[in-house]
Structures are given as C-alpha cells and as structure tokens.
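Structure first, then comments.
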Amino acid sequence: NYKNNEAEDGSSLQSLRRLFILLIACSLTILITASSLIYLQTLSLSSELGLDPSTTFTILTSTSVGPVWILRIITSSIIVVSSVLYYILEKKKIKKTIEKDEDHTYNKQKKKRNLSLPIALLYFIILIGAISVFSNSVVSHSAALSFLPSLAISIDWLHFMAVSIWVGGLFYISVVLLVTIRSSRNITESVNQEKHETNKIRNTYFLAVLLPYFSLIATISLGIIGVTGLYMAWIHLHTAGAIFDTTYGNVLIIKLSAILPMVMLGAYHQLRLHNSLILVAKIGKEEKKSNDKRTSALNTSSGNSTTPQVDPFTKFSKTIRIESFIGIVVLFITSFLTITSPPSVSMAENSNLNGTSTATENEMPSFDSFAILAIILSAAILTGSIVSFVRSKREIKKTIYSLYRHDR
C-alpha cells in the first residue's frame, strides 16, 4: 500500500511540474515576444525617421504601444513569480502526504488550512492573464475604429478570452492531465496488477465525469466566440463580399475552416466517447466485484470477459491531442489576422490619405443583408449553446447518478 500511495504522489508531482513548466514557458514567451516586437518596431521607425534608436524608443513608448509593452512585461513577471510560489506551496503539500508516520487527522486538517492559498494563486494567475490578453485588444484593429471603439475593444477581449479558455483547457487536458493519468497507470501496473485495474476503473470514472464538465466550459466559450466573432466581422468587413474579396476575409475563411474539425471532435467526445467511458466504468466495476468473489483461476478459465477491446482512454488521448493541435493551428492563423488590415481600417487610412471627410467613419456600418445574416447566425449560435449547455448539465447529473448507483 505504501508503494502504491507513493506512486500516486509521484504522479501528482509530475502533474505539478508539467503545469509549472507550462505556466513559466507561456510567461517567458510573452516576455520575449513583447520585447522583441518593440525592439523591431524601434529599429523600423528609427530608419524611417532618421533618428537614433534611443530617441525613437522614447517616442514609441510615449504612444499607446509603450504602456501596452510595459503592461505585458509586468503581467508576465507577476505570473512567473506567482507560478513559482504556487509550485513551492503545492510541492510541499504533496511531499507531506508521503510521510506516513505523521498523524492522518493532523495532516488532513493542515491540508484544509493550506488549500486556500494555492487555489487563490491559480485564480490570481488567471486574472493577471486576462489583463495580459486585454493589452492585446487595446492595440488591436478594434482600437482603430471610430464606431464605439470601447465596445469593440471589449468585444475583442471577450472573444480572445473565450478562445484562451477553450484552447487552453484542451491543451491542459492533453499535455498535463492525460499524461499524468498515463504515467499513473504505468506505475501502478509495475507495482501491483490488482491496483492497476482499480486505477484504470477510477481513471475511467474521472474521464466520464470530466467530459460533460468540460463540455459546459466549451459550450459557453463557443457561444461567446461565435457571437463576438460575428460582431467583429460585421464592423471590420462591412459587407459579405469582403469575406471573399479581401485578404483579411480570406484569412478569416481559413480560420473558420480550421475551427470546424475542432467542433466536430468536441461533439464526438460529448456524444459518443462519453457513453463509452460510462460503459467501460460500469463493466470494470462489475468485473472487479466478480473477481473479489471468484478466484483468478476461474476467471482465466472462463475467458468470458465483457470488457471492450478498445480502451476509451487511449482513443480519447489521441483525439484530444488532435483537437489541441488544431487549436494551436487556429491561433497561428489568427496571428495573420492581427497583421492584416481589415476593410474598416483600410477605408479609414485611404480617407485620411486622400484628405476626404471622415464623417462616415463615425457612423456605424450599414445595416444591410450582411448585418441581418450576422444577427440570424448569432441567434442560432446562442440557441445551440443554450441547448448544449442544458444537455451537458443533464449529462453531468446522469453520469454521477449512474456511476454512483452502480457503485453501490
């Protein structure tokens, strides 16, 4: 038992290390890229103005670019420090559970007292990350609009927050959670076969409950992404023809084409694989109970196992990795949208260069068939999100009740 518990604590430490490395890597990437971008902008502007880099850097930091750069540096640094503190506290807590000679009640009470600080640090990291995402919206194409720029910036921030939660959740499940589960299964298999089977059943239970819970998050995120994306398409493209006639619209089509397989894989996880996980969990529990009543020799001679040949955990690991990879591709495609001028910005720049009146810039985009289509699609997305949200909540209750009743 001590070896088994030690193996479980080892997998918890591995999960903690992976999460810590992921947070540090993302923060350092933001630090490096933010500094590199302002450095390249300084060199480019310096050559155009014929000024030395230090003077150009002073001019550049006096614009909106400067505060945004400083904000990214500060938020990334705070995340690094918070991640280190979280790692130290959580690692100390895990190591204390390994000490079996301590009083169990005392350790349990101490865990409850120390539990709030690491969780508070994680929420704090999420909050700082949201501020960092907001810094991108401040200097996005939405900030250049004359029609309700504050609303456009807020919508842009909400859009990318939803994308971050959805893709970030997928990335966490595939890179941290499933790797830890696989490592735990390998360790218990080498320690004790009976413990290994129990661990497999427990992990299947966990994934069966995890899927509908994550579906709730994904459903909310997709609803926000769809509605905010349609709004930004309306204010930036103005017409449906701009989707096919402009570079910005073409990149947007490629982005939407890449998102579609992600949505289909998510539906597969929710509608098909979730039922397989519940079935395997039930059958595994039945076989474990029967094995407790029968000898292993009788089980071997019967050769009548009802466990499915395909492990849903293996299948889920493959499909979730594919979905995560596609999510990274979507983010890569999105980066091209940030450096491509939409029709709204191009029209404003041409108007300023030609010295024409900018009165039309302050007006909202025309309420034409494209606007009506955006409203209809938004209503459809909202309806679908609400239906999926209700279904996910129903699946959570159904899953917990089914597995709990079967466990009894």
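The values are calculated or read from the model by the stated rules, or taken from the named source; none is laboratory data. Just so you know, these numbers come straight off a predicted model, no measurement behind them. Ideal geometry is used to build each Cβ from the backbone, glycine not excepted, and the neighbour counts take in all protein chains shown. We work out accessible area using only protein heavy atoms, side chains counted, and drop any ligands, DNA or RNA first. Shrake-Rupley method; radii C 1.70, N 1.55, O 1.52, S 1.80 Å.
Annotations
- Filter result (farther than 22 Å from Ser378 by Cβ and more than 11 Å from the chain's Cα centre (by Cα)) within segment 143-178: Ala143, Ala144, Ser146, Val175, Val176, Leu177, Leu178
- Top-ranked residue of segment 21-37 - restricted to ones that are under 15 Å from Tyr86 (Cα atoms) and crowded, with 18+ Cβ neighbours inside 10 Å, ranked as farthest from the chain's Cα centre (by Cα): Ser27
- Within segment 241-265, restricting attention to residues that are touching a residue at least 60 places away in the same chain (Cβ under 8 Å) and β-branched (Val, Ile, Thr), the residue that is farthest from Gly327 (Cα to Cα) is Thr246.
- Filtered residue count, segment 130-162, keeping only those that are polar (S, T, N, Q) and not in a helix (DSSP H, G or I): 2
- Residue that is modelled with the highest pLDDT, among those in segment 307-335 that are open to solvent by 60 Å² or more (accessible area, probe 1.4 Å), closer than 22 Å to Asn275 by Cβ and not aliphatic (A, V, I, L, M): Arg321
- Qualifying position, being among the aromatic types (Phe, Trp, Tyr) and in contact (Cβ under 8 Å) with a residue 40 or more places away in the chain, among Tyr39, Tyr86: Tyr86
- Criterion applied to Lys108, Lys100 was being modelled with pLDDT under 75, farther than 29 Å from Ser174 by Cβ and touching a Phe, Trp or Tyr at 6+ places or on another chain (Cβ under 7 Å), and the one residue passing it is Lys100.
- Scanning segment 38-72 for residues that are in contact with a helix residue (DSSP H, G or I) (Cβ under 9 Å, 6 or more places away or on another chain), part of a loop (DSSP other than H, G, I, E, B) and loosely packed, with under 14 Cβ neighbours inside 10 Å turns up Asp52, Ser64.
- Residue within segment 128-138 that is over 21 Å from the mean Cα position of the chain (by Cα), at pLDDT below 90 and not basic (Lys, Arg) present: yes
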